[in-house]
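Asker: Have a look at this one before I ask anything.
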Amino acid sequence: MLQNQQVTVLGAGIAGLTVSALLARHGAKVTLLEQAPTIAEVGAGLQISPNGARVLHVMGLGEAVGAIAMRARAVTLLDGETGGRVARLDLERLRPSGDYWLIHRADLIDALAQNAAQAGVALELNRQVSEVRLGDHAPHVVIAGEERHDAPILIGADGLHSRVRAALNGEAVPFFTHQVAWRAVIPGEAGIDSQAQVYLGRGRHLVTYPLRGGSLRNLVAVEQRRKWAEESWSLTEDDPMSLRAAFKDFAPQVRGWLERIERPHLWGLFRHPVAPRWFGNGAAILGDAAHPTLPFLAQGANLALEDAWVLAESLARYPLSQALQRYQSLRETRARKVIDAATSNARNFHLSGIGRAIAHQGLRTVSALAPERLVSRFDWLHGYDVTAAC
Ligand SMILES: Cc1cc2nc3c(=O)[nH]c(=O)nc-3n(C[C@H](O)[C@H](O)[C@H](O)COP(=O)(O)OP(=O)(O)OC[C@H]3O[C@@H](n4cnc5c(N)ncnc54)[C@H](O)[C@@H]3O)c2cc1C
């Protein structure tokens, strides 16, 4: 269905680069419009779980990404204050066949951008779309307030504040979750273990894992608070002293890492509703544009990879309007389930009082007596193969 079909994709993030390459390999002529002057990512880490890794494998990127990522041996939950282990998901032993990667965002974006270029995608940088027009006729966009660009098929991979989403659904008002996240990358220490660690505190938690062979350590620290913070990933720098103060009663190793952070970025966590309409006449949205998620299950990028696969396969195999309906119906239930699970994790990670003691003791017991149960609780998430499901 896609041979020589013109497609315009908006946004060269994980969703946009992936869907562009997949569509181009199906024969489409893809123009990818990105507002940034370069494809450069802020320094931060990503966990790519087996469900997302599967898409990269099928795209032929498994080897390249596997070579630059670290394979996580485990995900470990720890008591934030004592540093003692609460539970360990032993991925190496209990899920040996799935790739659970810890990767620098810039490295994944690089690999996807190279792949898109090889597939023939025409990437245009410095192209900010200021207006999206949908209606009875084929969509068109306006670039920088003046240049009209016709898009017989328009795909919005334009992230949290998507213009295509707004054109399909109207503006949605996100609400502040009363949680903020600090993010930083520091040099790794010798002998750093290839695992993701989650330090659980009262109203706070901190996630950390190594990147680039252990030369770097990624840190994301989340705190519940009343005051609003900007919903932007890289613009708001915070005083490192306020981060250290928020985690001052955490275990010494955590405080040691925080001491080494010079300029943390601070970010307000907002809940955006899942978009009711993911497609319209000739247009569709995917990734954060369709369904932003809180980061407590590390799934936003993984969902974007899954979406990209289903959208490209549907467009390649079915007439346009049928393809777009099929795309939303195959993706929406799963995306909602993942997002709900991420939202519940915010509660589970931040417990206090007796609820915390009971929950931690329960996790310790299962981890010691039936560790496979801890890992199999995530089979629905990590064991899902979108390339087989569609
Ligand atoms: C703290 C934190 C940790 C996370 N950790 C993980 C993790 O471990 N694993 C995971 O899977 N996910 C994680 N995520 C989520 C993940 O980062 C996002 O879900 C994912 O990057 C979304 O990709 P996207 O391509 O949909 O959007 P984006 O990455 O936001 O890309 C959108 C692109 O569109 C461009 N754009 C926007 N508007 C316009 C316009 N008008 N004109 C032209 N271009 C435009 C932007 O410049 C950008 O390049 C995390 C998120 C946070 C906040």
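The values are calculated or read from the model by the stated rules, or taken from the named source; none is laboratory data. Everything quoted here is computed from the prediction, not taken from an experiment. Every residue, glycine as well, gets a Cβ built from its backbone with ideal geometry; the counts of neighbours run over all protein chains shown. Heads up: the accessible areas ignore ligands, DNA and RNA and are worked out on the full protein's heavy atoms, side chains in. Shrake-Rupley method; radii C 1.70, N 1.55, O 1.52, S 1.80 Å.
Asker: Calculate the dipole size of the chain relative to its Cα centre from +1 charges on Lys and Arg beta carbons and -1 charges on Asp and Glu beta carbons; express the result in debye to the nearest 20.
Answerer: That gives the chain a dipole magnitude of about 1120 debye.
Asker: Under a plain spin-label model, where a point goes 7 Å from the Cα along Cα-to-Cβ, how far apart in nm are T82 and A117?
Answerer: Placing both labels 7 Å beyond Cα along the Cβ direction yields 5.3 nm.
Asker: DSSP loop trypsin sites (Lys or Arg not before Pro) in the stretch 258-327 with at most 16 other Cβ atoms within 10 Å of their Cβ, which ones?
Answerer: Answer in residue order: R260, R277.
Asker: Where in the stretch 203-298 are there GluC sites (Glu not before Pro) that are in a DSSP coil and have at most 16 other Cβ atoms within 10 angstrom of their Cβ?
Answerer: Passing both the DSSP loop test and the Cβ count: E230, E262.
Asker: Right, next: Compute the long axis of helix 14-25 from its Cα atoms, compare it with the longest principal axis of the Cα atoms of the chain, and write down the angle in degrees, 0 to 90, nearest 10.
Answerer: For helix 14-25, the angle is close to 40 degrees.
Asker: Another question, then. Evaluate the distance, in nm, between pseudo-label points positioned 7 Å from the Cα of A359 and of N281 along their respective Cα→Cβ axes.
Answerer: My value for the distance between the label points is 4.8 nm.
Asker: Leaving out ligands, DNA and RNA but keeping every protein chain, what accessible area does Y209 have, in Å² rounded to the nearest 10, with a 1.4 Å probe?
Answerer: Looks like 10 Å² after rounding.
Asker: Per residue, how large is the accessible surface of the chain? Use a 1.4 angstrom probe and give square angstrom.
Answerer: Each residue of the chain exposes 42 Å² on average to a 1.4 Å probe.
Asker: Right, here's the next one. Build a GNM of the chain with springs between Cα atoms under 10 Å: which of A111, A245, A335 gets the top mean-square fluctuation?
Answerer: Of A111, A245, A335, the most mobile in the Gaussian network model is A245.
Asker: Excluding ligands and nucleic acids, what accessible area in Å² is computed for E147 using a 1.4 Å probe, to the nearest 10?
Answerer: Only protein atoms counted, so the area is about 80 Å².
Asker: Spin-label point model (7 Å from Cα, Cβ direction): what's the R260 to A370 distance in nm?
Answerer: About 3.9 nm, to one decimal.
Asker: Counting only protein heavy atoms, what percent of the accessible surface of the chain is carbon or sulfur at a 1.4 Å probe?
Answerer: 51 percent
Asker: Of E372, E313, E306, E171, which has the most accessible area and how do the rest follow, probe 1.4 Å?
Answerer: E171, E372, E313, E306
Asker: So, one more: So in the chain, what percent of DSSP beta bridges are antiparallel if you round to the nearest 5?
Answerer: Bridges in the chain are about 70 percent antiparallel.
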